[in-house]
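Undergrad: Got a structure for you, questions after.
The values are calculated or read from the model by the stated rules, or taken from the named source; none is laboratory data. Everything numeric in this text was worked out from a predicted model, so none of it was measured. Here the Cβ positions follow ideal geometry from the backbone for every residue, glycine too, while neighbour counts run over all protein chains shown.
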């Protein structure tokens with residue numbers, strides 16, 4: 001019986017061969033509805049804040065204009081919304097709030113849509129060749145892309161949407177990491193906002209660890225096989241790398257350069273059970289379970305503490321190329337039976353948003369587009385109001401101001417109070433850091449064992 005304190009998590013898997021999308025409960029193994037008509041590329045499956053599924057589709061890989069993007073609600077097996085972007089989209093990713101979708105084109109362009117309206121807010125040329133993977137950092141202010149040109153680039157959304165700074169900048173990216181010699185296959189980021197690390201994998205058989213704060217390479221790890229998928233442990237002590245030889249390698253992030261493993265430096269072990277190449281990896285929220293998908297059509301769940309398999313799922317006949325682990329919303333999805341989970345969409349019938357636009361609106365069609373890039377915050381409540389756009393909210397404020405009501409003033413006051421509170425919190429954090437640093441320096445200087453003091457030599 002499942003521990004009632006355990007959060008409900010779903011395993012969602014897709015295939016490139018039109019075998020649809022499968023869905024299981026991670027902890028009980030119960031199978032949910034299977035979703036049809038999906039042939040997604042690697043990194044082309046996304047959960048939009050747990051409200052619905054989105055996937056890019058490549059019906060004809062040889063044609064750059066044959067792609068679509070499909071939406072599925074939780075309670076219907078067929079896709080309900082179909083979009084036709086200007087070109088075929090490979091990777092597709094949503095920010096954690098589900099307000100934006102970013103897609104990487106085969107031309108090397110990045111597309112940035114607003115989910116609620118389907119508006120294409122921005123499009124920019126990011127790489128010389130097709131984009132292979134996209135990921136937001138944990139505070140949602142950065143978008144990291146990898147491509148067939150072997151390059152990993154970091155994009156500040158503040159710069160992308162600031163027309164003045166954008167016109168003055170020499171280039172749009174914050175960093176461009178060019179050390180991979182072949183196609184980038186996967187990218188993951190750690191915690192810490194702009195001070196996090198990035199781990200990238202490539203067909204050159206290396207995984208590289210980058211520093212976002214310094215913009216440099218921290219580690220270069222060579223593997224016995226090409227790595228197509230990586231998953232970063234929540235504690236960031238290790239990361240898992242899925243190889244084309246069917247092995248999952250465990251690489252230490254804080255381990256010394258030398259290793260007792262026969263695989264090479266920084267590789268501290270492996271797990272092997274798949275008969276074919278491992279194509280995708282995902283971790284549970286607590287990091288104790290690792291989910292791997294393979295070309296053999298099997299999905300295995302590993303206990304990272306014992307390195308043993310705890311559960312096996314099978315996805316129809318085709319290979320697996322995408323696997324997600326997502327949380328169910330606790331307050332809106334009670335368990336209705338031993339094998340059924342009533343999702344919020346199933347209960348409330350929330351409509352799916354409009355199709356995504358093909359082109360950016362012209363100036364006369366859209367006087368201005370303002371995007372609110374908000375640092376990630378966690379909430380126990382699921383708000384349908386997350387579909388309200390910033391432009392809609394500001395229009396409402398203007399209407400209230402024109403009516404001369406006090407409501408608009410109250411909105412402005414609340415906004416100022418919120419900004420003041422954030423500023424005070426930041427000041428307090430800096431003060432605490434300063435006090436800690438000052439105390440550390442004092443302790444070091446007064447420590448009798450300090451070499452400069454014990455020898456009587458000046459510091």
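Undergrad: Give the residues of the stretch 123-157 that are in contact with a helix residue (DSSP H, G or I) (Cβ under 8 Å, 6 or more places away or on another chain) and either part of a helix (DSSP H, G or I) or farther than 15 Å from residue 93 by Cα (or both), sorted by residue number.
TA: 124, the sole residue that qualifies.
Undergrad: Residues 202, 176: which one is within 21 Å of the chain's Cα centre (by Cα), crowded, with 18+ Cβ neighbours inside 10 Å and modelled with pLDDT of 95 or more?
TA: On the way: 176 fails: crowded, with 18+ Cβ neighbours inside 10 Å.
From the options 202, 176, the qualifying one is 202.
Undergrad: Run down 291, 301 and say which single residue is over 30 Å from residue 155 (Cα atoms), at pLDDT 95 or above and assigned to a strand (DSSP E or B).
TA: Of 291, 301, the one residue that is over 30 Å from residue 155 (Cα atoms), at pLDDT 95 or above and assigned to a strand (DSSP E or B) is 301.
Undergrad: Could we say that residue 114 is surrounded by fewer than 21 Cβ atoms within 10 Å (Cβ to Cβ) and either farther than 19 Å from residue 201 by Cβ or touching a residue at least 12 places away in the same chain (Cβ under 8 Å) (or both) here? It would help to see each step written out before you state the result.
TA: On the way: surrounded by fewer than 21 Cβ atoms within 10 Å (Cβ to Cβ): no; either farther than 19 Å from residue 201 by Cβ or touching a residue at least 12 places away in the same chain (Cβ under 8 Å) (or both): yes.
Answer is no for this residue.
Undergrad: Let me ask another. Got a number for residues in the stretch 179-198 being free of Cβ contacts under 8 Å to residues at least 40 places away in the same chain and surrounded by fewer than 20 Cβ atoms within 10 Å (Cβ to Cβ)?
TA: Selection size over the stretch 179-198: 3.
Undergrad: Would you say residue 97 is surrounded by fewer than 19 Cβ atoms within 10 Å (Cβ to Cβ) and in contact with a helix residue (DSSP H, G or I) (Cβ under 7 Å, 6 or more places away or on another chain)?
TA: It is true that residue 97 is surrounded by fewer than 19 Cβ atoms within 10 Å (Cβ to Cβ) and in contact with a helix residue (DSSP H, G or I) (Cβ under 7 Å, 6 or more places away or on another chain).
Here is a yes/no grid of residues against (1) assigned by TED's automatic domain parsing to the domain that holds residue 194; (2) surrounded by fewer than 21 Cβ atoms within 10 Å (Cβ to Cβ); (3) within 19 Å of the chain's Cα centre (by Cα):
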residue	(1), (2), (3)
216	yes, yes, no
222	yes, yes, no
231	yes, no, yes
253	yes, yes, no
268	yes, yes, no
286	yes, yes, yes
295	yes, yes, no
298	yes, yes, no
304	yes, yes, no
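Undergrad: Test residue 278 against the stated conditions and say whether it is in the same structural domain as residue 201 (by TED's automatic domain parsing), at pLDDT 95 or above, crowded, with 20+ Cβ neighbours inside 10 Å and within 20 Å of the chain's Cα centre (by Cα). Full working, then the answer.
TA: On the way: in the same structural domain as residue 201 (by TED's automatic domain parsing): yes; at pLDDT 95 or above: yes; crowded, with 20+ Cβ neighbours inside 10 Å: yes; within 20 Å of the chain's Cα centre (by Cα): yes.
Here the answer is yes, as residue 278 does meet what is asked.
Undergrad: While we're here: If residue 169 satisfies every condition in (1) surrounded by fewer than 17 Cβ atoms within 10 Å (Cβ to Cβ); (2) closer than 18 Å to residue 215 by Cα; (3) out of contact with any helix residue (DSSP H, G or I) (no Cβ under 7 Å at 6 or more places or on another chain) but one, which is the exception?
TA: (3) is the only condition that residue 169 fails.
Undergrad: Residues of the stretch 106-118 being more than 14 Å from residue 143 (Cβ to Cβ) and assigned to a strand (DSSP E or B), which ones?
TA: 114
Undergrad: Would you point out which residue out of 310, 316 is surrounded by fewer than 16 Cβ atoms within 10 Å (Cβ to Cβ) and either outside the structural domain of residue 47 (by TED's automatic domain parsing) or in a strand (DSSP E or B) (or both)?
TA: Working: 316 fails: either outside the structural domain of residue 47 (by TED's automatic domain parsing) or in a strand (DSSP E or B) (or both).
Testing whether each residue is surrounded by fewer than 16 Cβ atoms within 10 Å (Cβ to Cβ) and either outside the structural domain of residue 47 (by TED's automatic domain parsing) or in a strand (DSSP E or B) (or both) leaves just 310.
Undergrad: Looking for whichever is surrounded by fewer than 18 Cβ atoms within 10 Å (Cβ to Cβ) and within 23 Å of residue 11 (Cβ to Cβ) here; the options are 82, 90, 76. Which one fits?
TA: On the way: 82 fails: within 23 Å of residue 11 (Cβ to Cβ); 90 fails: surrounded by fewer than 18 Cβ atoms within 10 Å (Cβ to Cβ).
After applying the criteria, what remains is 76.
Undergrad: Is it fair to say residue 112 is under 20 Å from residue 147 (Cα atoms) and touching a helix residue (DSSP H, G or I) at 6+ places or on another chain (Cβ under 9 Å)?
TA: Working: under 20 Å from residue 147 (Cα atoms): yes; touching a helix residue (DSSP H, G or I) at 6+ places or on another chain (Cβ under 9 Å): yes.
The answer is yes for residue 112.
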